[in-house]
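The values are calculated or read from the model by the stated rules, or taken from the named source; none is laboratory data. All values reported here derive from a predicted model rather than from experimental measurement. Cβ placement follows ideal geometry from the backbone for every residue including glycine, while neighbour counts extend to all protein chains displayed.
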Amino acid sequence: MAALMSARHTPNQNHLLAALPTDIFERLCPHLELTPMPLGEVLYESGGQLQHVYFPTTAIVSLHYVMENGASAEVAGVCNEGVLGISLFMGGNAMPSCATVQTGGYGFRLNGQLMMEEFNRAGPMMRLMLRYTQALMTQISQTAACNRHHSIEQQLCRWLLLTLDRLPSHELTMTQELIACMLGVRREGVTAAAGNLQRAGLINYRRGHIMVLDRLGLESRSCECYNVVKKEFQRLLCDALH
């Protein structure tokens with residue numbers, strides 16, 4: 001069973017790992033551990049010391065900031081385009097946010113010391129990780145601006161589109177309560193926004209399942225933040241990933 005699972009999940013399903021030169025990929029491959037990432041699992045607590053970095057393949061992980069009163073909001077999402085644990089090689093060695101699995105799946109875990117050894121060679125790994133970090137910073141800053149200046153409906157459209165880009169289908173499992181937690185807004189606001197999108201024929205929402213019926217329509221109702229983030233990832237990582 002373990003061999004079958006390993007055959008279905010390979011490190012090069014993560015775009016950053018797949019973009020590494022063959023010699024670096026082969027050097028790291030024996031140390032990459034296939035790791036289940038079930039829905040709701042906390043990979044990092046805020047302020048926790050990092051022992052590993054994670055390269056998701058089929059899981060989507062939400063980075064969110066938790067306030068003292070327990071309220072939280074997502075600042076970024078990471079799937080097979082990225083890596084979790086950038087604080088390790090950026091010098092902080094502790095996550096300022098919490099990393100929780102938003103969509104269950106798998107990823108690969110790498111020991112932090114091995115990651116640092118490769119990063120400190122100041123070669124392709126370092127350049128790729130720094131480019132990804134800049135793209136992630138764009139996503140975080142754009143999310144902050146979006147949450148401040150755009151309507152809940154626009155925020156929901158942005159969030160749905162970014163999530164869809166990381167899924168193999170047009171359907172996602174997510175309750176309105178969880179979406180409200182991601183966006184840092186009241187559930188009633190998400191209910192109203194989702195109702196508007198459903199009446200417009202853009203989505204179908206039922207019992208925690210959202211099916212996107214009209215992606216172009218969803219893009220037209222979204223704010224500019226979705227395209228800003230998407231284009232920045234393409235600009236910084238397109239050459240490296242192809």
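Considering the stretch 67-125 alone, what residues qualify as being among the hydrophobic types (A, V, I, L, M, F, W, C) and free of Cβ contacts under 8 Å to residues at least 24 places away in the same chain? Explain how you work it out, then say what you get.
First pass over the stretch 67-125, keeping only residues among the hydrophobic types (A, V, I, L, M, F, W, C): 67, 71, 73, 75-76, 78-79, 83-84, 86, 88-90, 94-95, 98-99, 101, 108, 110, 114-116, 119, 122, 125.
Passing the criteria: M67, A122.
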Checklist entry - Is it true that some residue in the stretch 202-210 is under 22 Å from Q102 (Cα atoms) and part of a helix (DSSP H, G or I)? => result no
Checklist entry - Within the stretch 145-154, can you find the residues that are under 13 Å from V185 (Cα atoms) and either aliphatic (A, V, I, L, M) or within 16 Å of the chain's Cα centre (by Cα) (or both)? => result I152
Checklist entry - So which residues in the stretch 90-118 are more than 21 Å from L17 (Cα to Cα) and among the hydrophobic types (A, V, I, L, M, F, W, C), if there are any at all? => result A94, M95, C98
Item to check | Residue that is in the same structural domain as F25 (by TED's automatic domain parsing), hydrophobic (A, V, I, L, M, F, W, C) and in a strand (DSSP E or B), where the choices are L136, L110 | outcome: L110
Next on the checklist: Quick test of your reading of the structure: E117 fulfils all but one of (1) acidic (D, E); (2) assigned by TED's automatic domain parsing to the domain that holds P56; (3) within 14 Å of V229 (Cα to Cα). Name the failing condition by number.
Outcome noted: (3)
Item to check | Residue count for the stretch 159-194, restricted to those that are among the small types (G, A, S) and closer than 20 Å to L216 by Cα | outcome: 3
Checklist entry - Taking only pairs six or more apart or across chains, which ones have beta-carbon atoms under 6 Å, a first residue in the stretch 196-223 that is within 12 Å of E171 (Cβ to Cβ), and a second residue that is small (G, A, S) and surrounded by 14 or more Cβ atoms within 10 Å (Cβ to Cβ)? => result Y205/A194
Next on the checklist: Which of the numbered conditions does L32 fail, given that it passes all the others? Conditions: (1) of a type in the set (A, V, I, L, M); (2) under 26 Å from N120 (Cβ atoms); (3) surrounded by 19 or more Cβ atoms within 10 Å (Cβ to Cβ); (4) within 18 Å of the chain's Cα centre (by Cα).
Outcome noted: (4)
Checklist entry - Are there any pairs, at least 6 apart or on different chains, whose C-beta atoms fall under 8 Å, with the first in the stretch 15-35 and over 27 Å from D165 (Cβ atoms) and touching a residue at least 24 places away in the same chain (Cβ under 8 Å) and the second crowded, with 17+ Cβ neighbours inside 10 Å and of a type outside the set (S, T, N, Q), and if so, which? => result R27/E118; H31/L110
Next on the checklist: Condition check: under 18 Å from G82 (Cβ atoms), at pLDDT 90 or above and not assigned by TED's automatic domain parsing to the domain that holds L16. Does L161 satisfy that?
Outcome noted: yes
Item to check | Number of positions in the stretch 169-185 that are in a strand (DSSP E or B) and not β-branched (V, I, T) | outcome: 2
Checklist entry - Taking the stretch 37-83, which residues are closer than 20 Å to R166 by Cβ, over 13 Å from the mean Cα position of the chain (by Cα) and charged (D, E, K, R)? => result E41
Checklist entry - Within the stretch 202-216, is there a residue that is touching a Lys or Arg at 6+ places or on another chain (Cβ under 9 Å) and outside the structural domain of L16 (by TED's automatic domain parsing)? => result yes
Next on the checklist: For the stretch 146-166, which positions are surrounded by fewer than 18 Cβ atoms within 10 Å (Cβ to Cβ) and over 22 Å from C79 (Cβ atoms)?
Outcome noted: R148, H149, H150, S151
